[in-house]
Amino acid sequence: MVGSIGADHVIDYTQEDFTQNGQRYDLIIDAVGNRSIFDLKRALNRNGICVIIGFSPAIMFQTLFLGPLISMTGSKKIGLMSAKITDKDLVFLKELFEAGKVKSVIDRHYPLSEVAEAIRYLEEGHVQGKVVITVAK
Ligand SMILES: NC(=O)c1ccc[n+]([C@@H]2O[C@H](COP(=O)([O-])OP(=O)(O)OC[C@H]3O[C@@H](n4cnc5c(N)ncnc54)[C@H](OP(=O)(O)O)[C@@H]3O)[C@@H](O)[C@H]2O)c1
């Protein structure tokens, strides 16, 4: 699935640990948030940047306390990012989708009456892309 939306290279996390394979990256966007800040730091190139967007409370606290320290004392930068959705950003995203520059992946649709079931499915942690809740007019 990841390859089909444009990734040039895919690592299967069940087979290979991207923080231990000797590769170093200029930019890491961590959408899972299950790695320690030290693992992420190791996987960065000099001057590399890691942005953590999916995180547990433990990773959040670790990054809030240690991220600024790592970023100020070395050449690597690590921090958290939370989306602040604006109309302008949504219009920009819509244009990217319409131009075919970004592909969406929708795993399942649920009606509003089955939102509890949709959340249960999300909580399993293996949704491929997004789950859509349909609100009947
Ligand atoms: N910062 C923000 O503003 C913001 C906004 C929205 C969401 N989030 C966060 O972003 C994260 C992602 O959300 P999501 O909706 O995509 O749901 P999700 O349930 O966290 O993601 C499911 C996907 O993650 C993959 N996955 C699970 N463990 C993995 C691992 N160790 N390494 C690589 N991939 C792994 C699963 O693949 P397999 O099925 O192959 O395991 C599945 O494709 C969540 O933590 C959410 O809270 C943050």
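We did not get these values from a lab; they are worked out from the coordinates using the rules stated. Values in this document were obtained by computation on a predicted structure and should not be read as measured data. Here the Cβ positions follow ideal geometry from the backbone for every residue, glycine too, while neighbour counts run over all protein chains shown.
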Provide L64, L80 in ascending order of the number of other Cβ atoms located within 10 Å of each residue's Cβ, fewest first. L64, L80
Difference of contour (0.36 nm per residue) and Cα-Cα distance, V2 to A116: 38.3 nm
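For a 25 Å ceiling on Cα separation, which of these pairs sit above it: K88/K130; K84/K137; K41/K103; K101/K130; K84/K130?
Working: K88/K130 21 Å; K84/K137 28 Å; K41/K103 30 Å; K101/K130 18 Å; K84/K130 19 Å.
Among K88/K130; K84/K137; K41/K103; K101/K130; K84/K130, the Cα-Cα distance tops 25 Å for K84/K137; K41/K103.
Counting only Cα atoms, I'd like the Rg/Rh figure for the range 87-134, Kirkwood definition for Rh. Display every interim value, and only then the final one.
Details: Rg = 13.1 Å, Rh = 12.2 Å.
Using Cα coordinates only, the ratio equals 1.08.
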What is the distance in Å between the Cα centres of the range 37-74 and the range 97-123? 29 Å
Over the Cα atoms of the chain, what radius of gyration and what Dmax do you get, in Å? 17.6, 55
Can you list the aspartates and glutamates whose alpha carbon sits under 16 Å from that of K77, skipping same-chain ones fewer than 8 residues off? D26, D30, D39
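Roughly speaking, what is the stretch gain from V105 to S75, that is 0.36 nm per residue apart minus the C-alpha to C-alpha distance, in nm to one decimal? Display every interim value, and only then the final one.
Values: separation 30, 0.36 × 30 = 10.80 nm, distance 3.55 nm.
Roughly 7.2 nm would be gained on extension.
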In debye, nearest 20, what is the charge dipole magnitude of the chain about its Cα centre with +1 on Lys and Arg Cβ and -1 on Asp and Glu Cβ, if you could check? 500 debye
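Once the cut-off is 20 Å, how many percent of the Cα-Cα pairs in the range 3-80 end up in the long-distance tail?
Values: 896 of 3003 pairs.
Tail of P(r) above 20 Å: 30 percent of Cα pairs.
Averaging sequence separations of C-alpha pairs under 8 Å and six or more residues apart, then dividing by the length of the chain, give the relative contact order as a whole percent.
Details: 163 pairs, mean separation 22.8, N = 137.
Taking the mean separation of contacting Cα pairs over the length of the chain, I get 17 percent.
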